[in-house]
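Notes follow once the structure below has been shown.
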Amino acid sequence: MLIDQYNSSDDILVFLLSTKAGGLGINLTSASVVVLHDIDFNPYNDKQAEDRCHRVGQTREVEVVRLVGRDTVEEDILRCAQQKLKLEQDMTAGSQLNKTDMASLLGQGLKL
C-alpha cells in the first residue's frame, strides 16, 4: 500500500527502505535516485536494490549514489564488491580463456 502511494503521488519525494528489503521484488518505478549507504560485501544485493527502480514502466533516468566514508571499512567493502563483479565479468566474458587463464582468475578471486 505505501509503495503504491509513493508510485502514484508527486507529493511523496522520498521512500526509505533497507538494501535487503530492496531485493524482495519491490517496484519503485517512480523513483529516479537510489542512495546506497550500507554497501554489501555481496554486490548482487546492492544491484537488486538498484534494480527496484530499473523496472518496466520506468520513464526517467535513474541515478545511483553510493555513500562511502573515506578511510573506512566501507571503502574496503566497496573495493571487495567491485573486485567480485570484475571477476564474474572476466569469467563469463571468456570463451577465449584457456584453463591457465581461468585458474589464474580464480586464484586472484580467492585472494579478495
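Values quoted throughout were computed directly from the atomic coordinates according to the rules given, and no laboratory measurement underlies them. Owing to the predicted nature of the structure, the values given are computational and were not obtained by experimental measurement. Cβ coordinates were reconstructed from backbone atoms using ideal geometry, including for glycine residues, and neighbour counts include every protein chain displayed.
Have a look at Leu24, Leu13, Phe41 and report the one farthest towards the positive end of the charge dipole of the chain, computed about the Cα centre with Cβ charges (Lys/Arg +1, Asp/Glu -1). Farthest towards the positive pole: Phe41. Each Lys and Arg Cβ is given +1 and each Asp and Glu Cβ -1; about its Cα centre, the chain then shows a dipole of about 400 debye.
Could you work out the Kirkwood radius for the range 29-86, taking every pair of different alpha carbons, averaging 1/r and inverting it, reported in Å?
On the way: mean 1/r = 0.0821 Å⁻¹.
When all Cα pairs of the range 29-86 are included, the Kirkwood radius is 12.2 Å.
Based on DSSP H runs of at least 4 residues, each adding -39500 (n - 2.57), what is the mean residue ellipticity at 222 nm of the chain after dividing by all its residues, to the nearest 500 deg cm²/dmol?
Numbers: 5 runs with 52 residues, N = 112.
When only DSSP H runs of four or more count, the value is -14000 deg cm²/dmol.
With one equal scatterer per alpha carbon and no solvent term, the Debye-computed log10 I(q)/I(0) for the range 1-67 at 0.17, 0.26, 0.27, 0.28 1/Å reads -0.55, -1.27, -1.35, -1.43. Each 10 Å bin from 0 upward holds the following percent of the Cα-Cα pairs of the chain: 13, 35, 27, 18, 5, 1.
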